[in-house]
Amino acid sequence: MSTLTIMPSGKTVEVEAGTNLLQAILDAGEKLISKCGGDAKCGACHLFLTGGRKGVSKMTPAENAKLDTLIGIGSKSRLACQMTLLGTEPVTVELLGALSG
Ligand code: FES
């Protein structure tokens with residue numbers, strides 16, 4: 001299992017390893033928009049990975065390329081739809097609300 005903490009609400013959920021992060025966030029009842037169906041095309045699922053870098057899959061070239069086109073990205077930026085929870089360490093993400101997409 002993977003422990004996922006979602007900020008700013010602070011909600012913590014236990015998620016099966018191998019679960020897509022976007023799906024896990026939606027399952028937790030949090031709001032995260034997906035306009036492209038998880039295809040690394042819209043950027044709406046942009047969030048900050050603030051803890052547990054080793055607990056998620058590495059960035060793919062498609063994710064990296066999309067992030068390069070977004071405004072407001074930082075060193076912690078990731079696209080939730082492109083990430084898999086690995087269960088190796090607890091993960092904390094910060095949803096960006098209106099800033100996202
Ligand atoms: S849902 Fe569109 S880039 Fe992630």
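Answer with yes or no whether Thr50 is at pLDDT 95 or above, touching an Asp or Glu at 6+ places or on another chain (Cβ under 7 Å) and either more than 11 Å from the ligand (Cβ to nearest atom) or assigned to a helix (DSSP H, G or I) (or both).
So Thr50 fits the description; yes.
Would you mind telling me which numbered condition in (1) closer than 13 Å to Leu95 by Cα; (2) free of Cβ contacts under 8 Å to residues at least 40 places away in the same chain; (3) surrounded by 15 or more Cβ atoms within 10 Å (Cβ to Cβ) Lys11 fails?
Every listed condition holds for Lys11 apart from (3).
I need a count of the residues in region 75-99 that are part of a loop (DSSP other than H, G, I, E, B) and modelled with pLDDT of 95 or more. I'd like the intermediate steps shown before the answer.
First pass over region 75-99, keeping only residues part of a loop (DSSP other than H, G, I, E, B): 75-76, 83, 86-90, 96.
Keeping just the survivors that are modelled with pLDDT of 95 or more gives 75-76, 83, 86-90.
So the count comes out to 8.
A quick yes/no check of all residues on (1) surrounded by 17 or more Cβ atoms within 10 Å (Cβ to Cβ); (2) within 26 Å of Met1 (Cα to Cα); (3) over 11 Å from the mean Cα position of the chain (by Cα):
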| position | (1), (2), (3) |
| --- | --- |
| Gly18 | no, yes, yes |
| Gly52 | yes, yes, yes |
| Cys81 | yes, yes, no |
| Val91 | yes, yes, no |
| Leu95 | yes, yes, no |
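Looking at region 22-41, I want the residues that are over 11 Å from Gln82 (Cα atoms) and have a partner that is of a type in the set (Phe, Trp, Tyr) and more than 11 Å from the ligand (Cβ to nearest atom) with Cβ atoms under 6 Å, at least 6 apart or on another chain. Which pairs are those?
So the pair list comes out empty.
Just the residues that are in a helix (DSSP H, G or I) and either over 20 Å from Lys54 (Cα atoms) or more than 16 Å from the ligand (Cβ to nearest atom) (or both), please, taken from region 1-35. Full working, then the answer.
Keep residues of region 1-35 that are in a helix (DSSP H, G or I), which gives 21-27.
If the condition is that a residue be in a helix (DSSP H, G or I) and either over 20 Å from Lys54 (Cα atoms) or more than 16 Å from the ligand (Cβ to nearest atom) (or both), then Leu26, Asp27 are the ones that fit.
Those residues that are farther than 11 Å from Gly43 by Cα and among the polar types (S, T, N, Q), I need them from region 65-100; list them, please.
Matches in region 65-100: Ser75, Thr84, Thr88, Thr92.
Of everything in region 63-79 that's away from the ligand (no atom under 13 Å from the Cβ) and in contact (Cβ under 8 Å) with a residue 24 or more places away in the chain, which residue is surrounded by the most Cβ atoms within 10 Å (Cβ to Cβ)?
Looking at the filtered set, the residue picked out is Lys76.
Quick one: which of Ala80, Ala62, Ala28 is of a type in the set (A, V, I, L, M) and out of contact with any strand residue (DSSP E or B) (no Cβ under 7 Å at 6 or more places or on another chain)?
Within the list Ala80, Ala62, Ala28, the selection yields Ala62.
The values are calculated or read from the model by the stated rules, or taken from the named source; none is laboratory data. These numbers were taken from a predicted model, which means no experiment stands behind them. Glycine gets a Cβ as well: all are built from the backbone with ideal geometry, and neighbour counts include every protein chain shown.
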